[in-house]
Amino acid sequence: MKTILFAYRVSDLERSLAFYRAVGYTELGTVPFDDGSKLVWLKLSGETSVSLELVHRPSAGPVETGGFEHLAIEVSSLSETLERLTAAGLQPGPAEHPGGPEGPATSWLVDPDGYRIELVEWPPGGPPTVGD
């Protein structure tokens with residue numbers, strides 16, 4: 001088994017698409033519905049298939065983001081990623097080292113609907129394994 005994707009319900013599809021394009025996602029396809037709803041499938045450049053689905057259902061009322069912690073995205077260079085996102089008009093948080101100087105470098109980003117995204121650059125040697 002494997003996780004296929006995460007699906008976020010969004011309030012403004014075009015605003016969310018602009019945000020996720022700036023993060024680095026590309027569109028794979030759109031599924032329109034008769035009631036005006038749409039699903040948009042996205043992936044990052046290193047992925048072979050869809051990993052994020054934006055769900056736009058205007059008739060379902062306001063988007064509420066409670067109960068979800070965050071999505072984590074691995075980046076090869078956190079400093080370059082933060083520069084690119086800032087140049088694109090996004091507001092990533094400062095680089096942090098929650099595990100100390102030998103651990104991962106991280107930054108937080110919030111999408112237009114309030115979903116939190118953790119950007120992670122692993123230290124040399126890669127991510128920890130279970131039991132580390």
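Report the accessible area of D35, computed with a 1.4 Å probe over the heavy atoms of all protein chains in place, in Å² rounded to the nearest 10.
The value for D35 is about 100 Å².
To the nearest 10 Å², what's S79's accessible area with a 1.4 Å probe?
Roughly 70 Å² of S79 is accessible to a 1.4 Å probe.
So what's the angle, to the nearest 10 degrees on a 0 to 90 scale, between helix 78-87 and the longest Cα principal axis of the chain?
40
Could you report the chain's accessible area per residue, 1.4 Å probe, as an integer in Å²?
61
Under the Karplus relation 6.51 cos²θ - 1.76 cosθ + 1.60, θ = phi - 60°, what is the ordered set of whole-Hz ³J(HN,Hα) values for the range 61-74, x standing for Gly and Pro?
After applying 6.51 cos²θ - 1.76 cosθ + 1.60, I find x, x, 7, 10, 9, x, x, 10, 7, 5, 9, 10, 10, 7 Hz.
Work out the length of the dipole vector of the range 1-89 about its Cα centre, built from +1 on the beta-carbon of each Lys and Arg and -1 on the beta-carbon of each Asp and Glu, and round it to the nearest 20 debye.
80
Looking at S77, G100, L54, which one has the Cα that reaches farthest to the positive end of the dipole of the chain (charges on Cβ: Lys, Arg +1; Asp, Glu -1)?
L54
Ignoring ligands, DNA and RNA, please state the percent of accessible area on the chain from carbon and sulfur, probe 1.4 Å.
54
Would you compute, from DSSP H runs of 4+ residues alone, the mean residue ellipticity of the chain at 222 nm, taking -39500 (n - 2.57) per run and dividing by the full residue count, rounded to the nearest 500?
It comes out at -4500 deg cm²/dmol, rounded to the nearest 500.
The values are calculated or read from the model by the stated rules, or taken from the named source; none is laboratory data. These numbers were taken from a predicted model, which means no experiment stands behind them. FYI the Cβ positions are ideal-geometry reconstructions off the backbone, even for glycines, and counts take in every protein chain you see. Each accessible area value is taken on the protein alone, full model and side chains, heavy atoms only, with ligands, DNA and RNA left out. Shrake-Rupley method; radii C 1.70, N 1.55, O 1.52, S 1.80 Å.
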